[in-house]
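Remarks on the structure that follows.
The values are calculated or read from the model by the stated rules, or taken from the named source; none is laboratory data. Only a predicted model underlies this, so the values are computations on that prediction, with no experimental measurement involved. Every residue, glycine among them, receives a Cβ derived from its backbone with ideal geometry; neighbour counts consider all protein chains shown.
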Amino acid sequence: MMMKKLGFLLQLLVASLVKAEIVSGADEFTRYDFPPGFVFGAATSAYQVEGAANEDGRTPSIMDTWAHSDSVITGGANGDIACDQYHKYKEDVQLMAEMGLDAYRFSISWSRLIPNGRGSVNLKGLQYYNDLINELISHGIEPHVTIHHFDLPQALEDEYGGWISRKIVKDFMEYADICFRMFGDRVKYWTTFNEANIFTMAGYDLGFLPPNRCSSPFGYFNCTRGDSSLEPYLAAHNIILSHASAARLYQKKYQSIQKGYMGLNLLSFYFVPCTNRTEDVIATQRANDFFLGWFVEPLVRGDYPEVMKKNAGSRLPSFTALESQRVKGSYDFFAVNFYSASYVKDNPESLNIEPRDYKADMAMDWKSMQENASSKYTPLPSSEIPLTPWGLQGVLELFKQNYGNPPIFIHENGQRMQRNASLEDWPRIQYLQEHISVLLDTVRNGSNAKGYFTWSFLDVFELLDGFRTGYGLYYVDLDDPELRRYPKLSAEWYSRFLKGGSIAPDGIELEGNWSSLSSAKVMK
Ligand code: IFM
């Protein structure tokens, strides 16, 4: 332990010597260049950070089932213990306060709060979230709460198929009602679903995320059940109706008293045509419609994008007039998670496949998906993914131009790196710096972005890698029974920024140590 501490101090010392060589750009900026009230935070999610999976009345969710299914993705790891935030929340909140976070984004585990998915509330679960929220507030940290982060109670999945059944709408609304009633006096920012789009695509078409449903030949793995042609659309439809029901309930019953805000979170890629051929440019628009428009258009204009109706036909459920009315306008903000841009190539042939899955309906090839699909599932090493901060700007501009410039929170943005690599995570600093810098430009250009959260506060149990990689500002030593946390250099860097330190938009230059960053915007 002592050795580890010494090692870390040495790393910091070396780092601070090296830092003397950082070249500052001409237009340095600070957080105070953002509009007043702009929030900077960090994020995690319940299953990925809490641990205590079998304690105090919590029951399994579809995340537990997935993680225990010996998935090659997680490398046999699971979130049973994770970072043990369930027991260490006070220590974590202390770290957040020292770092200077304005806000912490976390999610509530449905099966910890309501173990059977509906019915009685688990008092120990209730106590935990009350304690966490109170601890945050007493340290001046605003809680931003996600109600569903991929972790439906397994009980509801088993009982009626979870999100593919309409029955879920009522159960979700009742769960949300309990959250608003119990925590809404202190929680002002509610997000119904994390990454509703990738949850449905990866969970019901490609089958590599919970609940692992897909049908041959579409899945990345051999799913034992599912229907990739129908279920992604069905699950998404029920999610949209569930979101709208919870948001309307909040508006009617709580908003005037609690004065909070409701939003929906989506994963965003900024799609870029791989050539300037008209077909690829149109395919890029189609990719946006399928990926973001799928959820955003119902909320903004009450219906799915026309191209989805055309390509998916009767497999895409439709909204009744009443549902459309309910869904339209059921948000105060959107939240986006942005990691990288992606390249799009038109693929009209995929529309000739019968039956087709959601991905074939998009009629385009997606560079990163193609690469993954070629070996079924092989995530790219982060060193091979070029930084594309301009993609964040692109996504925010898209919301501005196509969807009425709604208030937006960037809920996740961060750099994946090997988990046990050095605490000197310079590439992560570079990543954060470039994205925050571009964000400032975009806000200055009229985007209605209201806040930025980096993923993730700690090295959590990662969705795509288990414990092999991490995005954390803090390293968690999994070999230490105490699961001690160690700040990486990025934690120090972010803290300095949060406390008013200036950063340079043109990147950190470190003599001799940097491999040059690619700025290629066109697929080779
Ligand atoms: O860990 C995930 C998170 O749960 C959802 N967004 C992407 C992150 C990194 O893969």
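A few remarks follow.
- Thr454, sole failed condition from (1) at pLDDT 95 or above; (2) over 28 Å from Leu95 (Cβ atoms); (3) surrounded by 21 or more Cβ atoms within 10 Å (Cβ to Cβ): (2)
- Within the range 442-476, considering residues that are among the small types (Gly, Ala, Ser) and more than 16 Å from the ligand (Cβ to nearest atom), the one farthest from Glu397 (Cα to Cα): Gly451
- Any hit, the range 329-341, residues being without any contact (Cβ under 8 Å) to a residue 12 or more places away in the chain and more than 19 Å from Trp294 (Cβ to Cβ): no
- Those residues of the range 393-441 which are hydroxyl-bearing (Ser, Thr, Tyr) and away from the ligand (no atom under 16 Å from the Cβ), in sequence order: Tyr403, Ser422, Ser437
- Against the list (1) crowded, with 20+ Cβ neighbours inside 10 Å; (2) under 22 Å from Asn78 (Cβ atoms), the condition Ile408 fails is (2).
- Within the range 89-127, the set of residues being in a helix (DSSP H, G or I) and over 23 Å from the mean Cα position of the chain (by Cα) comprises Lys90, Glu91, Gln94, Glu98, Leu123, Lys124, Gly125, Leu126, Gln127.
- Selection from the range 211-249 of residues that are among the β-branched types (Val, Ile, Thr) and in a helix (DSSP H, G or I): Ile239, Ile240
- Scanning the range 233-269 for residues that are of a type outside the set (A, V, I, L, M, F, W, C), within 30 Å of Pro389 (Cβ to Cβ) and more than 16 Å from the ligand (Cβ to nearest atom) yields a count of 2.
- Every residue from the range 167-200 that is within 13 Å of the ligand (Cβ to nearest atom), buried (at least 22 other Cβ atoms within 10 Å of the Cβ), in a helix (DSSP H, G or I) and not small (Gly, Ala, Ser): Asn197, Phe199
- Number of the condition not met by Phe218 [criteria: (1) touching an Asp or Glu at 6+ places or on another chain (Cβ under 6 Å); (2) closer than 18 Å to Asp64 by Cβ]: (2)
- Filtered by the rule that a residue be touching a helix residue (DSSP H, G or I) at 6+ places or on another chain (Cβ under 7 Å), in a helix (DSSP H, G or I) and surrounded by fewer than 24 Cβ atoms within 10 Å (Cβ to Cβ), the range 132-154 gives Leu132, Ile133, Glu135, Gln154.
- Among the residues of the range 310-328, those that are crowded, with 17+ Cβ neighbours inside 10 Å and under 16 Å from Trp294 (Cβ atoms) comprise Asn311, Ala312, Arg315, Leu316, Pro317, Phe319, Glu323, Val327, Lys328.
- Residue match in the range 486-495 (condition: of a type in the set (Ser, Thr, Tyr), within 16 Å of the ligand (Cβ to nearest atom) and over 22 Å from Asp332 (Cα atoms)): yes
- Criterion: within 14 Å of the ligand (Cβ to nearest atom) and under 30 Å from Arg496 (Cα atoms) - qualifying residue of Gln94, Gln48, Gln85: Gln48
- Of the helices (runs of 4 or more DSSP H) lying entirely inside the range 250-304, those containing at least 1 residues that are among the charged types (D, E, K, R) span 278-288, 294-301.
- Taking the conditions (1) modelled with pLDDT under 95; (2) within 24 Å of Phe334 (Cβ to Cβ) in turn, Asn372 satisfies each one other than (2).
- Scanning the range 329-345 for residues that are away from the ligand (no atom under 16 Å from the Cβ), within 30 Å of Asn276 (Cβ to Cβ) and buried (at least 22 other Cβ atoms within 10 Å of the Cβ) yields Tyr343, Val344.
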